[in-house]
1. Provide the per residue accessible area, probe 1.4 Å, for the chain, rounded to a whole number of square angstrom.
2. Over the stretch 1-65, how many percent of alpha carbon pairs lie in each 5 Å bin up to the one with the longest distance?
3. Under a 1.4 angstrom probe, counting protein chains only, how are GLU88, GLU46, GLU6 ranked by accessible area, largest first?
4. Using Cα springs under 10 Å in a Gaussian network model of the chain, which residue among GLN13, GLN44, GLN81 shows the largest mean-square fluctuation?
5. So what is the relative contact order of the chain, in percent, for Cα pairs below 8 Å that sit 6 or more residues apart?
6. Give me the extension gain from GLN1 to GLN81: residue separation times 0.36 nm, minus the current Cα-Cα distance, reported in nm with one decimal.
7. Roughly speaking, what is the stretch gain from PHE29 to THR114, that is 0.36 nm per residue apart minus the C-alpha to C-alpha distance, in nm to one decimal?
8. Quick one: plug the Kirkwood hydrodynamic radius of the chain (C-alpha pairs) into Stokes-Einstein at 37 °C, 0.692 mPa s, and report D in µm²/s.
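The values are calculated or read from the model by the stated rules, or taken from the named source; none is laboratory data. All figures in this text were calculated on a predicted structure; none of them were measured in a lab. Cβ: placed from backbone, ideal geometry, glycine included. Neighbour counts: every protein chain shown. The accessibility values were calculated without ligands, DNA or RNA, using every heavy atom of the protein model including side chains. Shrake-Rupley method; radii C 1.70, N 1.55, O 1.52, S 1.80 Å.
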Amino acid sequence: QVQLVESGGGLVQPGGSLRLSCAASGNIFSFYAMAWYRQAPGKQREWVAHMRSGGSTNYADSVRGRFTISRDNAKNTMYLQMNSLKPEDTAVYYCKGVVAGAGPDYWGQGTQVTVSS
């Protein structure tokens, strides 16, 4: 049973950068895909980016060109590199793992990102 734990959140100034980590207790290859979501206060949780097991990626329009999703197989960790951060990026960021077939998704507990001057 794989568990996911996010880390790396914090307070950054507009235009700054931050790298989030999602550490898996098991092999990340067990997932069909992994993704990042975020939820700002008073708003619905939204999809940010995902990476399939083969390495292909996709990004939400709001972050494309600024965020990059990646993984380190040896460390069983997925990353979200966030550059040119904006106040609108302020949210709790969540990691999700999707298993092959009809199994339930796995979620981390989230890490807070605050972009403010």
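1. Per residue, the chain has an accessible area of 53 Å².
2. The calculated distribution, bin by bin, is 4, 13, 19, 27, 22, 11, 5, 0.
3. Largest accessible area first, the residues go GLU88, GLU46, GLU6.
4. GLN44
5. Values: 285 pairs, mean separation 43.3, N = 117.
Computed value for the chain: 37 percent relative contact order.
6. Working: separation 80, 0.36 × 80 = 28.80 nm, distance 2.67 nm.
Contour length minus Cα-Cα distance gives 26.1 nm.
7. Length gained, PHE29 through THR114: 27.5 nm.
8. On the way: Rh = 14.2 Å.
It diffuses with D of about 232 µm²/s by this estimate.
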